[in-house]
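K.L.:
First the structure, which I've put down as structure tokens, then a few questions once you've had a look.
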């Protein structure tokens with residue numbers, strides 16, 4: 001009886017437990033049905049990496065962004081791109097856009113901080129983002145092809161390039177649901193607008209004061225991409241910045257046209273100094289290194305090769321002037337060649353890719369002054385009488401320390417030399433003689449004055 005009583009209680013408890021589990025399971029299924037009511041499977045994004053694009057868009061920046069995208073994909077993070085750029089190279093811009101469009105993670109472009117801009121190539125990158133955001137007091141626009149770092153084009157070719165850019169940005173606008181008409185206006189007319197105007201015209205999605213404000217405003221937003229639906233959990237989102245590597249940062253710095261030009265000029269100094277001081281080696285090696293760095297930068301920038309050829313010609317003229325001791329004749333032509341070549345060097349309408357006029361003038365003045373000093377020093381060295389070796393001893397005075405009849409010994413510069421008198425004349429010990437020439441280890445000498453000549457004769 002006792003056993004049956006507790007057995008019944010156990011069965012009742014088991015039944016209630018089973019009912020509780022079934023109810024919880026039903027409630028859970030009901031919740032899943034609510035989330036997936038539309039048949040959509042969400043992937044939650046609650047962490048973001050931050051990648052910064054600052055200044056000119058070039059290959060080092062493109063490579064850095066590509067690494068950020070790969071790291072975000074491997075970590076299942078979203079990516080926030082902080083952008084402040086005047087534009088950049090078209091090839092680098094297209095590489096960035098292709099990477100963003102083909103990645104399987106949400107990408108947010110945030111024109112930040114206040115006062116930043118998304119000009120030229122920055123407009124295209126903003127249009128290809130999944131969410132476009134701008135901070136207050138920022139601007140976007142001026143995307144005409146002449147500002148994309150391409151080589152100078154005109155006439156029919158410019159029209160073709162413009163039409164291609166319009167087609168490209170309109171495709172991006174349609175894919176992202178953004179204002180295609182304004183995008184065309186930005187390309188054809190270099191139109192530019194503020195952050196508030198961009199929101200009103202449907203160019204961007206929202207404005208935000210900082211990253212925290214951005215995450216709060218996009219909380220709960222869904223993004224359709226690559227057949228997936230991503231749900232942004234902004235309130236619980238964490239962020240981590242990916243710093244540009246040292247090599248990428250260094251290459252990004254030297255790709256600046258002003259820096260590239262200065263490196264090239266320093267390389268010229270090294271080469272000139274090497275030829276003015278033969279055998280030193282260090283200045284020549286440093287000069288070659290800086291010229292190689294300059295040429296690397298020029299290979300990325302839109303270069304006019306006629307301008308580069310004029311600069312190379314200037315280097316050749318400088319070196320020849322020093323080696324041949326022409327006292328500055330060729331250097332004058334070299335300075336003119338350097339000045340003209342420098343102004344022609346960068347072939348683009350983009351002002352941020354041009355070498356500053358002040359830098360060119362300053363470099364030319366410094367090179368001219370350096371050449372004057374080097375050429376004058378070299379000229380003096382060539383005019384100066386040698387002080388060592390065969391040339392150094394000829395013309396010097398010596399003292400006879402053993403009668404010359406006509407052979408004997410003389411003392412010159414503290415050393416005893418075999419000597420022969422000129423014309424076989426006899427010269428007594430203690431007389432002063434002048435060294436005429438050196439044959440082997442024997443000096444040919446003559447008496448210094450007529451009085452000595454009479455006495456020695």
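Laboratory data are not the source of any read-out in this text; all were calculated from the coordinates shown. All figures in this text were calculated on a predicted structure; none of them were measured in a lab. All Cβ positions, even for glycine, are placed from backbone atoms using ideal geometry, and neighbour counts span all protein chains on display.
K.L.:
When the scattering of segment 81-133 is computed by the Debye formula from its Cα atoms alone, each counted once and equally, what is log10 I(q)/I(0) at q = 0.22, 0.30, 0.31 Å⁻¹?
P.N.:
Evaluating at q = 0.22, 0.30, 0.31 Å⁻¹ gives log10 I(q)/I(0) of -0.76, -1.24, -1.29.
K.L.:
While we're looking at this one, here's another question. In what order do 178, 431 fall by count of nearby beta-carbon atoms within 10 Å, going from fewest to most?
P.N.:
Fewest-to-most ranking of 178, 431: 431, 178.
K.L.:
Now a separate question. How many nm is it between the label spots at residue 70 and residue 175, if each spot is 7 Å from the Cα in line with the beta carbon?
P.N.:
Calculated label separation equals 2.1 nm.
K.L.:
While we're on this one: Report Rg/Rh for segment 168-213, rounded to two decimals, where Rg is the Cα radius of gyration and Rh the Kirkwood radius.
P.N.:
1.02
K.L.:
Per residue, what volume in Å³ does the Cα convex hull of segment 42-246 take up?
P.N.:
Considering the Cα atoms of segment 42-246, their hull volume per residue is 104 Å³.
K.L.:
Moving on to the next point. Separation of segment 290-354 and segment 208-248 by C-alpha centroid, Å?
P.N.:
What the calculation gives is 47 Å, centre to centre.
K.L.:
From the P(r) of segment 256-383, could you give the percentage of C-alpha pairs in the tail past 21 Å?
P.N.:
36 percent
K.L.:
Where the convex hull is taken over the Cα atoms of segment 197-269, what is its projected area averaged over directions, in nm²?
P.N.:
Over all viewing directions, segment 197-269 projects a mean Cα-hull area of 8.9 nm².
K.L.:
Can you tell me the convex hull volume per residue for segment 241-317, based on C-alpha atoms, in Å³ to the nearest whole number?
P.N.:
In segment 241-317, the Cα hull volume divided by residue count equals 85 Å³.
K.L.:
A follow-up question, please. If the chain between residue 210 and residue 282 were fully stretched, how many nm would it gain, using 0.36 nm times the residue separation less the Cα-Cα distance? Present the calculation step by step, with values, prior to reporting the outcome.
P.N.:
Details: separation 72, 0.36 × 72 = 25.92 nm, distance 5.01 nm.
Gain on stretching residue 210 to residue 282: 20.9 nm.
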